[in-house]
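Engineer: The structure is given below, and queries will be raised subsequently.
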Amino acid sequence: QVHLIESGGGLVQAGGSLRLSCAASGRAYGIPVMGWFRQAPGKEREFVAAINWSGGSTYYADSVKGRFTISGDSAKRTVYLQMNSVKPGDTAVYSCAARVIPVISARETNYNYWGQGTQVTVSS
């Protein structure tokens, strides 16, 4: 079993920055791909970014490309999401996810483990 715990959410003004963290524990060393998803009120959950520990390749949703950066410490199995130039539209619950197949995916059904999520609120 793999456990994911997010932290770093909060209230930030538009144009500001925030850094989210996700720590994986349990049988986390066998996890090759980790990603971030978000769900705004009344909307479906959507993909934000993902990273493949093998090679460090990353992939972003168009809506955050150039503003958000995913990175991580493979030894600690901790992934980060640096959010810059945030907008009110970025307000959502951000969840960390882990995939056992070593291929990056933007599809939430391809992820096997999920964290509880952390709230990010961007004020205008």
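Engineer: Pick from LYS76, LYS65: which is in a loop (DSSP other than H, G, I, E, B), of a type in the set (Lys, Arg) and more than 25 Å from SER25 (Cβ to Cβ)?
Structural biologist: LYS65
Engineer: Of the residues ILE51, ILE101, ILE31, ILE70, which is open to solvent by less than 30 Å² (accessible area, probe 1.4 Å) and more than 13 Å from the chain's Cα centre (by Cα)?
Structural biologist: Among ILE51, ILE101, ILE31, ILE70, only ILE31 is open to solvent by less than 30 Å² (accessible area, probe 1.4 Å) and more than 13 Å from the chain's Cα centre (by Cα).
Engineer: Here is a further query. Which of the residues spanning segment 17-38 are more than 13 Å from ASP90 (Cβ to Cβ) and outside any strand (DSSP E or B)?
Structural biologist: Listed by number, the residues that qualify are ARG27, ALA28, TYR29, GLY30, ILE31, PRO32.
Engineer: In segment 93-103, what count of residues is obtained for those that are part of a strand (DSSP E or B) and aliphatic (A, V, I, L, M)?
Structural biologist: The qualifying residues number 3.
Engineer: Moving to a separate point now. Kindly indicate whether any position in segment 25-39 is of a type in the set (A, V, I, L, M) and without any contact (Cβ under 8 Å) to a residue 60 or more places away in the chain.
Structural biologist: no
Engineer: Report whether or not VAL48 is farther than 23 Å from GLY89 by Cα and not small (Gly, Ala, Ser).
Structural biologist: For VAL48, the condition - farther than 23 Å from GLY89 by Cα and not small (Gly, Ala, Ser) - is not met.
Engineer: Looking at GLY16, GLY56, which one is at positive phi and either open to solvent by less than 60 Å² (accessible area, probe 1.4 Å) or small (Gly, Ala, Ser) (or both)?
Structural biologist: GLY56
Engineer: For segment 83-92, does any single residue satisfy the condition of being assigned to a loop (DSSP other than H, G, I, E, B) and either open to solvent by 60 Å² or more (accessible area, probe 1.4 Å) or modelled with pLDDT under 95 (or both)?
Structural biologist: The answer is yes, given that some residue of segment 83-92 is assigned to a loop (DSSP other than H, G, I, E, B) and either open to solvent by 60 Å² or more (accessible area, probe 1.4 Å) or modelled with pLDDT under 95 (or both).
Engineer: Quick check on SER25: is it of a type in the set (S, T, N, Q), over 14 Å from GLN119 (Cβ atoms), out of contact with any helix residue (DSSP H, G or I) (no Cβ under 9 Å at 6 or more places or on another chain) and modelled with pLDDT of 95 or more?
Structural biologist: No; evaluated as a whole, the condition is false for this residue.
One line per residue, one yes/no per condition, for (1) open to solvent by less than 70 Å² (accessible area, probe 1.4 Å); (2) touching a strand residue (DSSP E or B) at 6+ places or on another chain (Cβ under 9 Å); (3) hydroxyl-bearing (Ser, Thr, Tyr):
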| position | (1), (2), (3) |
| --- | --- |
| ALA61 | yes, yes, no |
| ARG107 | no, yes, no |
| VAL120 | yes, yes, no |
| SER124 | no, yes, yes |
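The values are calculated or read from the model by the stated rules, or taken from the named source; none is laboratory data. Predicted model only: the values in this text are computed from it and were never measured. Quick reminder, even Gly has a Cβ in these numbers, built from the backbone with ideal geometry, and neighbours come from all protein chains shown. Accessible surface is based on the protein model in full, side chains and every heavy atom, while ligands, DNA and RNA are left aside. Shrake-Rupley method; radii C 1.70, N 1.55, O 1.52, S 1.80 Å.
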